[in-house]
Amino acid sequence: MFRGILSKGVQPSKESKMNADALDALYKALGKEKVITNIEDRICYSHDATSMGVALPPRQKAIADVVIKASSTEEVSAVIKVADKYTIPVYPCGARSGLSGGSVPLYGGIVLDTTRMNRILEINPQDLMATVEPGVVNKRFQDEVAKYKLYYPPFPGSAEFSTLGGNVAECSGGMAGLKYGVTRDYVLSLEVVLPDGSVINTGRRTLRSVAGYDLTRLFVGSEGTLGVFTKITVKLIPLPEKVETLLAYFKDPEEAADAADAIILGQRVIPKTLEFVDSICINSIRGYGGVEIPQKAKAFLLIDVDGKESEVGKDLAAVERACKENGAFEIIVAKTAKESEALWAVRKSISPALFKVAGRKLNEDICVPRSKIKEILRELYSIGERYSLATACFGHIGDGNVHVNFLYGFEEEDEKKVGEMVRHMLKKVVSVGGTITGEHGVGIAKAEFLPLEVPPQELQFMKSLKNFLDPKGIMNPGKIFI
Ligand SMILES: Cc1cc2nc3c(=O)[nH]c(=O)nc-3n(C[C@H](O)[C@H](O)[C@H](O)COP(=O)(O)OP(=O)(O)OC[C@H]3O[C@@H](n4cnc5c(N)ncnc54)[C@H](O)[C@@H]3O)c2cc1C
């Protein structure tokens with residue numbers, strides 16, 4: 001099964017070797033109707049959500065030779081066996097909502113779409129686990145497990161459309177990460193088709209296992225570069241009885257950061273979500289969704305607390321206290337689910353609304369140790385001032401994950417500036433012990449910056465693992481490492 005040896009580096013296939021023989025082999029393996037070759041479909045697979053108007057070097061769009069929408073593990077395995085034989089790049093994809101170019105077929109070859117593998121195979125309340133195929137959409141899964149009063153906490157902003165396969169490949173986080181952790185904290189085992197087409201199962205269906213190496217963790221967050229997930233088994237927890245939503249306005253972003261600290265350390269409450277929004281974001285969404293934002297608001301925190309019916313009220317009061325003591329001048333507590341939804345709709349509108357400011361934006365997802373949040377915010381605003389471009393920040397402040405948006409226009413000079421701003425920011429982030437990506441992954445977008453964070457020896461170890469599993473470099477080449 002494993003033919004690779006530990007060698008010096010990853011040699012991705014730089015171009016597709018798709019030829020008539022390879023195409024014929026795919027037709028034979030799957031049937032001609034399963035192999036999509038028309039250009040209209042292939043163009044649709046040439047990008048992911050990274051291209052939503054952000055700074056896109058041309059290499060973040062590319063067209064595959066064929067697209068295959070797999071329906072089973074056997075089909076995935078058959079495709080990869082052909083790819084292995086003819087050394088053709090394979091690009092797994094889900095809903096293509098990725099924000100680092102992860103599913104872009106950079107060197108042509110085969111796009112392997114797993115969205116049709118969308119069955120929920122088992123929900124087992126007593127064992128607190130469920131098994132799904134990779135194409136199941138996150139929100140649909142949440143809704144299904146909720147019928148059993150169970151909860152699967154990883155809930156990215158893209159939950160309405162992103163797939164669990166994509167979530168596992170990116171180790172997606174989302175709003176509830178502070179209290180409940182991220183995707184890797186819930187994956188118990190995976191069925192994976194390896195780059196030679198063989199199929200393995202990692203992990204167990206038990207809530208604990210320490211038998212052997214933790215292969216599951218190796219694959220979670222591997223961004224489609226080590227194999228294709230065909231089954232995913234995850235842990236579930238009881239659904240919290242109640243959720244309350246609170247929004248607190250501040251005159252200064254640093255007051256909001258202090259309040260976030262006071263909630264966790266002073267009041268000893270870990271909220272389900274603890275979202276920070278700064279003044280540039282606020283200005284871009286004023287008047288949206290019927291929520292009147294006071295003129296003097298320069299930041300807000302949007303907080304959900306959840307838990308037992310009997311305890312949520314106490315936690316909510318503690319959160320309110322921490323906000324007031326740290327400068328909140330107005331606090332809204334949602335009285336109904338509808339009011340809560342309206343507050344969340346405002347938060348969710350920020351990302352698209354920021355396009356209004358200058359026409360384009362580059363969305364970064366840095367994460368710093370919590371103690372460095374204020375320092376990094378100061379540095380980000382000063383970078384913005386130095387380059388005369390607006391810098392908008394929002395995100396999961398509870399765990400130090402800040403979405404930094406550089407807002408810029410269509411001039412070439414702006415693009416150059418943004419490139420410099422990103423490098424400057426990432427250097428600072430790494431210097432305070434942070435990471436260049438808290439949840440969107442490296443993909444293409446961050447590949448050149450990975451060596452800023454990961455020391456050469458560790459990077460070499462990662463490349464050796466990749467080479468061991470994928471000696472021909474056919475699995476999602478051009479991602480993570482350059
Ligand atoms: C509006 C919006 C909000 C977002 N909010 C968040 C957020 O809060 N938190 C967050 O973490 N991300 C967020 N994202 C980013 C993105 O949605 C996530 O990375 C998501 O997990 C991608 O899932 P997908 O199904 O779209 O995967 P794709 O984009 O199709 O693929 C992503 C990666 O997964 C690999 N992959 C896909 N399926 C498989 C498989 N079956 N086997 C192996 N590899 C596979 C691909 O090769 C690629 O490298 C957001 C994106 C948008 C557009």
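None of the figures in this text is laboratory data; all of them are computed from the coordinates on show. Keep in mind the model is a prediction, meaning the values are calculated, not measured. Here Cβ is always computed from backbone atoms with ideal geometry, including for glycine, and neighbour counts include all displayed protein chains.
Some points to look at:
- Relative intensity, log₁₀ I(q)/I(0), of region 354-445 from a Debye sum that treats every alpha carbon as a point, q = 0.20, 0.26 Å⁻¹: -0.93, -1.45
- Residue pairs, from the table LYS231/LYS479; LYS296/LYS417; LYS298/LYS372; LYS231/LYS446, whose Cα atoms sit over 26 Å apart: LYS296/LYS417; LYS231/LYS446
- Between the alpha-carbon centres of region 206-248 and region 58-125 there is a gap of 21 Å.
- Rounded to the nearest 20 debye, the dipole size of the chain about its Cα centre is 640 debye, using +1 on the Cβ of Lys and Arg and -1 on the Cβ of Asp and Glu.
- For region 354-445, size of Cβ-based charge dipole, Lys and Arg +1, Asp and Glu -1, in debye: 280
- Taking region 277-298 and a reference point 7 angstrom along Cα→Cβ of PHE329, the backbone N atoms nearer than 11 Å belong to 294-298.
- Value at 222 nm in deg cm²/dmol, rounded to 500, when DSSP H runs of n ≥ 4 in the chain each add -39,500 (n - 2.57): -9500 deg cm²/dmol
- Set of lysines with alpha-carbon distance to LYS308 below 19 Å, sequence-local pairs under 8 removed: LYS147, LYS149, LYS179, LYS242, LYS272, LYS335
- A Förster radius of 30 Å combined with the Cβ-Cβ distance from ASN19 to ASP214 puts the calculated FRET efficiency at roughly 0.15.
- Summarising the label geometry, the points placed 7 Å from Cα in the beta-carbon direction at ILE270 and GLU458 lie 2.3 nm from one another.
- Nearby aspartates and glutamates by direct alpha-carbon distance to LYS324 (threshold 15 angstrom, same-chain neighbours under 8 apart not counted): ASP252, GLU254, GLU255, ASP258, ASP261, ASP315
- Area projected by the alpha carbon convex hull of region 120-238, averaged over all directions, nm²: 6.9
- Farthest toward the positive end of the dipole of the chain, out of ALA29, PHE219, VAL234, is the Cα of ALA29, where the dipole comes from beta carbon charges about the Cα centre.
- Shape category assigned to region 242-351 from the gyration tensor of Cα positions, a/c cut at 1.5: oblate
- Taking the average, over residues, of other Cβ atoms within 10 Å as the packing measure, peptides 37-45, 372-380, 224-232 rank 224-232, 372-380, 37-45 from highest down.
- Approximate shape of the chain as ellipsoid semi-axes (Cα gyration tensor, √5λ), whole Å, largest first: 39, 27, 20
- Beta-bridge orientation, the chain: approximately 85 percent antiparallel, per DSSP, counting only bridges with both partners inside.
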